[in-house]
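Worksheet: one structure, shown below.
The values are calculated or read from the model by the stated rules, or taken from the named source; none is laboratory data. Worth saying up front: this structure is predicted, and the values here are computed from it rather than measured. Here the Cβ is made from the backbone with ideal geometry for all residues, glycine too, and neighbour counts use every protein chain on show.
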Amino acid sequence: MAKENKQNLKTGFTTGAAATAAVKGGLCLLLNGAAPSEVRIKLLTGDDIDIPIHACVFEDEKSVRCTVIKDAGDDPDITHRAEIGANVTFSDNETQDSVIITGGKGVGRVTKPGLEIPPGEPAINPGPRKMIIQTVHEVLRNHGIRRTIRVEIFVPEGETLAQKTLNPRLGIIGGISILGTTGVVRPMSHDAYIATIKSSLSVARAAGLSQVVMTTGRRSERFSQSLMRELPEEAFIQIGDFFKMSLESASDKGFDLITLAVFFGKAVKMAQGIPHTHAAKSSLTLHKLSDWSFEVTKDEAFAKKIFSANTARHAFDLILNEYPKIISYVGKEMICSARSFAASSVSVHGIIFDYSGDVVFDNAKACQ
C-alpha cells in the first residue's frame, strides 16, 4: 500500500510493482486454491511492500486472471487508479523452473530501436521483468516445486491511457509501458518524466539523428514542428522544466546540435541558468528581467515597469512594444546558460516564440 513520507505525501507503487503483485496473487490462487486479499512483494530496492488484490479468479484449472489497482500516491501519474493485470498459467513442463513473460491487451509493443527493450517485444521494462521473475521463483521455492510459469501482463484501459503519453512518439504502439526502476513512486520525484526524456533521446539517436529540438510542452513543440518541417518527429523532445538534465543527457548521447525552442517566460528562467525551471519564483524572475532591461535600455522607468509586471507574459508584451532588443539579450543569455550545461562539442541554437507562435528570436551564433 502507499505510505506517508516525511512531508506527509504518500509514496505509491509503479506499474511494474502492480504487475508483479498481480502475478503473485494469481500464482497464489493457482497453488493454494484461494485468492489472497493482498500480497507482499519485494521491490528492487530490497524493501517489501503490501499491495491489495483487486480481483483474482480461475480461468480454467491451469490458468488464473488477477488484477491490481495501481496507486501512484501523491505523484501525478496518468496510470493512477488504472487496473493492471496478469494472466498466470502453469505450462506442461513440470521440471524446468522458468518464467515466460508476454504482453496482452493494453500493453504497448516496441517498434523503434533505442529503448531498453528491442523492437518487437512488449514494453515491459527490465526492472519489472526482474521483479516478476524473482517473485515467481520465490513463491515456487516456498512451495518446493519446479514449474514453467507463463505470465501475460495486460491493462484493460491501456490503449486509451497511452494516447495521453508520448509512447507513440517513442514507437510504443497499442498501449502503455510497464515501468519502474525500483518499484516505488516517490511524490514529486519526476522519475517517469525524466525516464521519458532519456528514452526520447535514445530513440532519436538510434534513428541516426545528430540534432534534437527541445521544447517545454506541446504548444512550443507544435510551433517548432511547423518551423522545422524537414526534421522527423523523433527529433522533437519535450523536456518540461528539466533544462540542465536534458542538455546533459543529450550531450552524453552524442548529439551535435541542440535547438531550444521556447516561449519567453521559460527563456527568461533558462537565461538565469536555473537547472529546473519550475523551481524559479516568478518574482525573482521578473527582478532579474528588470535588471537586464535597465542594462540594455538605461531606462529606469521602464525597468520599474517590468519589475511590477504581473507575469512574464505581461512583461513580454511591454518589452515587445517598446524595447524588443531585450528579447535578443534574453535569448543570448539563454544560449550561454545552455552551453554551460552541455558538452563543449555540442552546438546550441536558440529560438523564442511569442505567444502566437511567431519567432521573435532566432540566433544560432549568439554568445560566441
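Summary table below
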{"read-out": "Pair list, Cβ under 8 Å, 6 or more apart: the stretch 79-108 residue more than 20 Å from F58 (Cβ to Cβ), other residue among the aromatic types (F, W, Y) and surrounded by 15 or more Cβ atoms within 10 Å (Cβ to Cβ)", "value": "G103/F154; G106/F154; V107/F154"}
{"read-out": "Qualifying residue in the stretch 246-257 (condition: surrounded by 18 or more Cβ atoms within 10 Å (Cβ to Cβ) and part of a loop (DSSP other than H, G, I, E, B))", "value": "yes"}
{"read-out": "Given (1) out of contact with any Lys or Arg (no Cβ under 6 Å at 6 or more places or on another chain); (2) buried (at least 20 other Cβ atoms within 10 Å of the Cβ), index of the condition R109 fails", "value": "(2)"}
{"read-out": "Criterion: in contact (Cβ under 8 Å) with a residue 60 or more places away in the chain, out of contact with any helix residue (DSSP H, G or I) (no Cβ under 7 Å at 6 or more places or on another chain) and either part of a helix (DSSP H, G or I) or among the basic types (K, R) (or both) - qualifying residue of S340, S345", "value": "S340"}
{"read-out": "Residue in the stretch 127-136 that is without any contact (Cβ under 8 Å) to a residue 12 or more places away in the chain and outside any strand (DSSP E or B) present", "value": "no"}
{"read-out": "Breaking point among (1) closer than 28 Å to T14 by Cα; (2) among the acidic types (D, E); (3) in contact (Cβ under 8 Å) with a residue 12 or more places away in the chain, for D256", "value": "(1)"}
{"read-out": "Residue check for A162: surrounded by 19 or more Cβ atoms within 10 Å (Cβ to Cβ) and over 28 Å from P36 (Cα atoms)", "value": "yes"}
{"read-out": "Verdict on I100 being assigned by TED's automatic domain parsing to the domain that holds L30, aliphatic (A, V, I, L, M) and under 19 Å from L30 (Cα atoms)", "value": "yes"}
{"read-out": "Boolean, G265 is at positive phi and in contact (Cβ under 8 Å) with a residue 40 or more places away in the chain", "value": "no"}
{"read-out": "Output for the stretch 231-243, where each listed residue is surrounded by fewer than 20 Cβ atoms within 10 Å (Cβ to Cβ) and in a helix (DSSP H, G or I)", "value": "E233"}
{"read-out": "Among the candidates L320, L289, residue that is in the same structural domain as I352 (by TED's automatic domain parsing), surrounded by fewer than 20 Cβ atoms within 10 Å (Cβ to Cβ), out of contact with any Leu (no Cβ under 8 Å at 6 or more places or on another chain) and aliphatic (A, V, I, L, M)", "value": "L320"}
{"read-out": "Criterion: modelled with pLDDT of 95 or more and crowded, with 20+ Cβ neighbours inside 10 Å - qualifying residue of A19, A72, A55", "value": "A19"}
{"read-out": "Test for P168: is it part of a loop (DSSP other than H, G, I, E, B) and surrounded by fewer than 20 Cβ atoms within 10 Å (Cβ to Cβ)", "value": "no"}
{"read-out": "Within the stretch 258-319, helices (runs of 4 or more DSSP H) holding 1 or more residues that are of a type in the set (K, R) and farther than 22 Å from G350 by Cα", "value": "300-307"}
{"read-out": "Condition met for L166 (within 27 Å of V359 (Cβ to Cβ) and modelled with pLDDT under 95)", "value": "yes"}
